[in-house]
Every structure is written in structure tokens, then in C-alpha cells.
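Visitor: Take this structure first; my questions come after.
The values are calculated or read from the model by the stated rules, or taken from the named source; none is laboratory data. Here the structure is a predicted model, which means the values were calculated and not measured. With ideal geometry, Cβ positions are generated from the backbone for all residues, glycine too; neighbour counts draw on all protein chains shown.
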Amino acid sequence: MSTSNIDMTTDRLTFARALYDAVPLYDPKRAPVDLDLTDNTNLWGLPPHAERALREIPVARITRYPSLYAAELKEALASFVGAKPEYLVTGCGSDDILDSAMRAFGDPGSVVASSEPSFAMIPIFAQMNGLTYVGVPERPDHQPDLDALLAAKPRILYLCTPNNPTGALLTQETLERAVREAPGVVFIDEAYAEFSGVSAVELAMRVDNLLVIRTMSKAFGLAGLRVGYGIGAPALVRDVEKSRGPYKVNAMAEQVALTALREDMAWVHAHVALAVENRERLAAALRDRGYAPLTSHANYVCVPVAQAIAVGQALRARGVAARPFAGLPHVGDTLRISVGPWEMLERFLVAFDDATANVYKGVTS
Ligand SMILES: *Cc1c(COP(=O)(O)O)cnc(C)c1O
């Protein structure tokens, strides 16, 4: 192979965009473990009718292209969220919606502002699209610091509710003010809305600068199929669709997602209720041990834990993974634990007791 296009001193392609030097490949350091409680997917598994649909996909659906813009899926999603189909855009996961929407509304150098901590992919999507990322630490009550966010004059203002990783629900007042005062478009990421039972979809139907972003990766258990969607004014979602391009939801994903929406809603609701019940049980078990978990409205619990990175490593050594965060504003180190069947959380607690005893051995506080 010729290496003439590689600059010997920088090890870069001579024709590479300088922009991509700073863009990392996503690496959450997720070595396989026995019990993985790091990514907030549905730990009960796939809804039953979706599973049947997956097994029964006709070969002919795979040899042909899928639908251009997933019109049938948009209709089913629209009736699920209570919007009209022309307010919907679908994508290859909600990551694809976030990425496409940044490309649709950001000119090179435009500011993307986000409250911190929040979804780790936002600065990366901003970079990938040549945009300027501005992170603003949240307030002690875990609400975004809207004054500071608006002062950054963002073309794109990203908010997440319930927020990942804290689990905090943003107030309706905060969301309405963001939409009213933002100089550009507001993204509200509702990846966990099914668990909070609260949504800004109704607000998105009334204004023309709000894109609500949702996914079938969490409550619906379809993370591997990559189905996400956005809800906003027709003119807004049309531009996201242009920047997204055709054929982004594959034929299998569309079929399985449609089946889940049509036939598995009772299963989804039942498992959302179980997740909420087990979340509260896990939070209580942590409080019994002297910890102060943050109030969560999602399917995970975020708990301040000293030396969270070390505790995370000790947990991994015991076959269990939870996601550690170092030095979050106001709360310090935390662990985020995905909620699933109670047997899994019991196993987590056993490993956690052992891991913390080991890490804090000889440490008095
Ligand atoms: C998991 C998650 C997503 C990504 O979901 P996909 O649809 O699987 O791409 C988006 N936003 C937040 C806040 C998430 O936690």
C-alpha cells in the first residue's frame, strides 16, 4: 500500500479535514462483564411481538431498499406521542436525529450550548459538524442555568429531560422559557420520557423552534435496531429530514418498531412501571447504606459515591458494571446504575457492598 498521502511527521492524511483531528472515536471503555448496568437499555429484553416480528422478517424485505423516510413508522410514532405525522422525522437512532439536526441548523462555527452534566455525545456531535460547543454547569438544584446558556447566544440549545446522568426532570417553566428566549432552535432530548410520563411534545406542536428527540432504544428495548425520532414543526423536521437523507431506518428496524408500537404497548407500559418500582427500591437500598441518591425520573439511579472511578473498577472485578462519573458539579463523583429486574439489582448491591468495603478499606471519613 502506498503511504504517500500520509504526512510522516503528523501521521495524518494530507487531505484530511483538520476538524477531525480533535474528534475522538466513541469509546465508553465498556469491556464485557457478566452484568452490565451502564447503558440504560431495557434489561428485561425485547417485547414479545417485536421479537416475533424480528424472527419472521420476509427475505424480500431485506433484498429491497426500505421506505425512503419511513412514512408508516412516522404515522405509528405520531399516534403514540399524540402528534400529527407531518411533525415527525425518524432516524438511525436518536443519535442520527441529533447529528442531522445539528447539521441542518448549524453553520460552521455556530454555537451549540448544553447544560452540564448531560449526554456525553453532544460535544462530539458538535465537533463532528464543525460547530462550537459551550458547556454550562447546571445549578445546585440540577436545573440548567438558563441565564448562562442564553448568554452564549446559541444557534442550538440542547436540554435533556429527564437528564442523563442525573435523572432530574426539567421544569415546564424552564422548557417554556428556553423556547421563548432562545435565539435559535432548542433541542429537548427525551430519551427517557416514558419513565417520567412527562413530555414537551405538546409544546413542540405550538412553536416553530423546538425539536423534541425520542428513541426506541430505552423503554422499547430496541437499542440494537437503532430507531430514533424527532417531533417538531413541519418546516423544522423537513430540514432535519433533508440533512438526514433517505433510507436511514433499515427495513428490519422499521418492521420491528411498527410491531412494537402496534402490539406491545401493554408490555412496554408494564415494564416501565416495573423499572420505576425497582428504581425506588434501589434508591431506598442505597439510602439504607447511608448514600444520598439523586431523585431520578428515568430508568437509572445516579448516586454520589466517593472515588467512583475506583469503585467502578472494583465492581468490574466482581463482574458488574455501573457507569462512574468524576467530579460532577455540586455532587462530585457519582455512579449511574441502570435499573432492571430486581435480581440484577440485588446482585449489584452485593457487589457494591464488597467493592466499597474494599476501596474504602483503612479510609476514615
Ligand atoms: C441513550 C441516549 C440517546 C441515544 O439513543 P439512540 O436512540 O440509541 O441513539 C440519546 N440521548 C440520551 C440522553 C440518551 O441517554
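Visitor: Out of all the residues in the range 87-103, which are of a type in the set (A, V, I, L, M, F, W, C), part of a strand (DSSP E or B) and within 12 Å of the ligand (Cβ to nearest atom)?
Guide: Of the range 87-103, the ones of a type in the set (A, V, I, L, M, F, W, C) are 88-89, 92, 97-98, 101-102.
So of that shortlist, the ones also part of a strand (DSSP E or B) come out as 88-89, 92.
Scanning the range 87-103 gives a single hit, 92.
Visitor: Would it be correct to say that residue 33 is under 20 Å from the mean Cα position of the chain (by Cα), more than 16 Å from the ligand (Cβ to nearest atom), closer than 30 Å to residue 119 by Cα and surrounded by 10 or more Cβ atoms within 10 Å (Cβ to Cβ)? It would help to see each step written out before you state the result.
Guide: Details: under 20 Å from the mean Cα position of the chain (by Cα): no; more than 16 Å from the ligand (Cβ to nearest atom): yes; closer than 30 Å to residue 119 by Cα: yes; surrounded by 10 or more Cβ atoms within 10 Å (Cβ to Cβ): yes.
For residue 33, the condition - under 20 Å from the mean Cα position of the chain (by Cα), more than 16 Å from the ligand (Cβ to nearest atom), closer than 30 Å to residue 119 by Cα and surrounded by 10 or more Cβ atoms within 10 Å (Cβ to Cβ) - is not met.
Visitor: Within the group 277, 343, which residue is free of Cβ contacts under 8 Å to residues at least 12 places away in the same chain, more than 23 Å from the chain's Cα centre (by Cα) and not assigned by TED's automatic domain parsing to the domain that holds residue 143?
Guide: Values: 277 fails: more than 23 Å from the chain's Cα centre (by Cα).
So the residue among 277, 343 that is free of Cβ contacts under 8 Å to residues at least 12 places away in the same chain, more than 23 Å from the chain's Cα centre (by Cα) and not assigned by TED's automatic domain parsing to the domain that holds residue 143 is 343.
Visitor: Which pairs have Cβ atoms under 6 Å, sit 6 or more apart or on different chains, and link a residue in the range 216-237 that is of a type in the set (Val, Ile, Thr) to one that is outside any strand (DSSP E or B) and within 9 Å of the ligand (Cβ to nearest atom)?
Guide: Correct list of pairs: 227/216.
Visitor: Can you tell me how many residues within the range 184-211 are in contact with a Leu (Cβ under 8 Å, 6 or more places away or on another chain) and either away from the ligand (no atom under 12 Å from the Cβ) or basic (Lys, Arg) (or both)?
Guide: Filtering the range 184-211 for residues in contact with a Leu (Cβ under 8 Å, 6 or more places away or on another chain) gives 184-189, 196, 198, 200, 203-204, 208-211.
Within this subset, residues satisfying the condition of being either away from the ligand (no atom under 12 Å from the Cβ) or basic (Lys, Arg) (or both) are 184-186, 196, 198, 200, 203-204, 208-211.
Total satisfying the criteria: 12.
Visitor: Run down 207, 136 and say which single residue is of a type in the set (Val, Ile, Thr), touching a Ser or Thr at 6+ places or on another chain (Cβ under 7 Å) and either part of a loop (DSSP other than H, G, I, E, B) or at pLDDT 95 or above (or both). Steps first, please.
Guide: On the way: 207 fails: touching a Ser or Thr at 6+ places or on another chain (Cβ under 7 Å).
Going through 207, 136 in turn, the sole match is 136.
Visitor: I need the full set of residues from the range 306-330 which are in a loop (DSSP other than H, G, I, E, B) and either without any contact (Cβ under 8 Å) to a residue 40 or more places away in the chain or of a type in the set (Lys, Arg) (or both), in order please. Talk me through it step by step, then tell me what you get.
Guide: Taking the range 306-330 and keeping what is in a loop (DSSP other than H, G, I, E, B), we get 306-307, 318-319, 329-330.
318, the sole residue that qualifies.
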